[in-house]
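Peer 1: Would you mind keeping the following structure in view while I ask a few things?
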Amino acid sequence: EHVLYRGRNCYVLLNAYPYNSGHVMVVPYEHTGDLTALDADTLAEMMFLAQACIRAFNRCLYPQGINLGMNLGKAAGAGIDEHLHLHLVPRWSGDTNFMTVMADVRVVPQALDETAQMLAPLIVEEAGLMSGPSDEM
């Protein structure tokens, strides 16, 4: 529902259950849980869009760090075995509070709609400013 950008091989969307404000995922259109099955163009676009997201984060969220990663396979925490995605989570010093530790509850200080309105145009702009893996982006 909160798709922020659509590329040739991948799209960017907000995580519906974010760890922090701005938590996005870069998702290939291809349905596979096997990273080694993705072609070079898809892999390049994933990294290209990760860069665009980081630049957008830096322009409006001002993170002090970013977690970037994938959970491949059920044992690694993949929610859907057949579909991989790349997580980008903006981080700030002290952003983990007692709610997560004591109550297994996350507190996200910004509504998803507000985050989407802020990030989407910046990701589109950043993806357009960068020389991407294809001419259609």
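The values are calculated or read from the model by the stated rules, or taken from the named source; none is laboratory data. No experiment lies behind these values; they were computed from the predicted model shown. Heads up, the Cβs are rebuilt from the backbone with ideal geometry, glycines too, and the neighbour counts pull from every protein chain shown. What goes into the accessible areas is simple: the full protein's heavy atoms, side chains included, and nothing from ligands, DNA or RNA. Shrake-Rupley method; radii C 1.70, N 1.55, O 1.52, S 1.80 Å.
Peer 1: Where residues in the stretch 18-30 are without any contact (Cβ under 8 Å) to a residue 60 or more places away in the chain and either among the small types (Gly, Ala, Ser) or open to solvent by 50 Å² or more (accessible area, probe 1.4 Å) (or both), which of them is farthest from LEU112 (Cα to Cα)? Let's see the steps before the verdict.
Peer 2: Of the stretch 18-30, the ones without any contact (Cβ under 8 Å) to a residue 60 or more places away in the chain are 27-30.
Still in the list and also either among the small types (Gly, Ala, Ser) or open to solvent by 50 Å² or more (accessible area, probe 1.4 Å) (or both): 29-30.
Working: TYR29: 22, GLU30: 25 Å.
Filtering first and then ranking leaves GLU30.
Peer 1: Here is a follow-up. Go through (1) of a type outside the set (Ser, Thr, Tyr); (2) assigned to a loop (DSSP other than H, G, I, E, B); (3) open to solvent by less than 20 Å² (accessible area, probe 1.4 Å) one by one and return the number of the condition LEU88 breaks.
Peer 2: (2)
Peer 1: Quick one: what pairs do we get from the stretch 72-91, first residue within 20 Å of TYR62 (Cα to Cα), second open to solvent by 80 Å² or more (accessible area, probe 1.4 Å) and part of a strand (DSSP E or B), C-beta under 8 Å, 6+ apart or different chains?
Peer 2: Partner pairs satisfying both residue conditions: HIS87/LEU68; LEU88/LEU68; VAL89/LEU68.
Peer 1: Could I ask something else about it? Has the stretch 91-109 got at least one residue that is in contact with a strand residue (DSSP E or B) (Cβ under 6 Å, 6 or more places away or on another chain) and at pLDDT below 95? Please lay out each step first, then the result.
Peer 2: The initial filter retains those residues of the stretch 91-109 that are in contact with a strand residue (DSSP E or B) (Cβ under 6 Å, 6 or more places away or on another chain), namely 91.
Right, trim to at pLDDT below 95 and you get 91.
Yes, some residue in the stretch 91-109 is in contact with a strand residue (DSSP E or B) (Cβ under 6 Å, 6 or more places away or on another chain) and at pLDDT below 95.
Peer 1: Right, another one. Against the definition (surrounded by 14 or more Cβ atoms within 10 Å (Cβ to Cβ) and modelled with pLDDT of 75 or more), how does GLU114 come out, yes or no? Talk me through it step by step, then tell me what you get.
Peer 2: Working: surrounded by 14 or more Cβ atoms within 10 Å (Cβ to Cβ): no; modelled with pLDDT of 75 or more: yes.
Taking the combined requirement at face value, the residue does not satisfy it.
Peer 1: Within the stretch 15-45, track down each residue that is within 23 Å of PRO63 (Cα to Cα) and modelled with pLDDT under 95.
Peer 2: ASN15, ALA16, TYR17, PRO18, TYR19, ASN20, SER21, GLY22, HIS23
Peer 1: Name the residue that is most open to solvent (accessible area, probe 1.4 Å), counting only residues in the stretch 31-81 that are touching a strand residue (DSSP E or B) at 6+ places or on another chain (Cβ under 9 Å) and in a loop (DSSP other than H, G, I, E, B).
Peer 2: Selected residue: TYR62.
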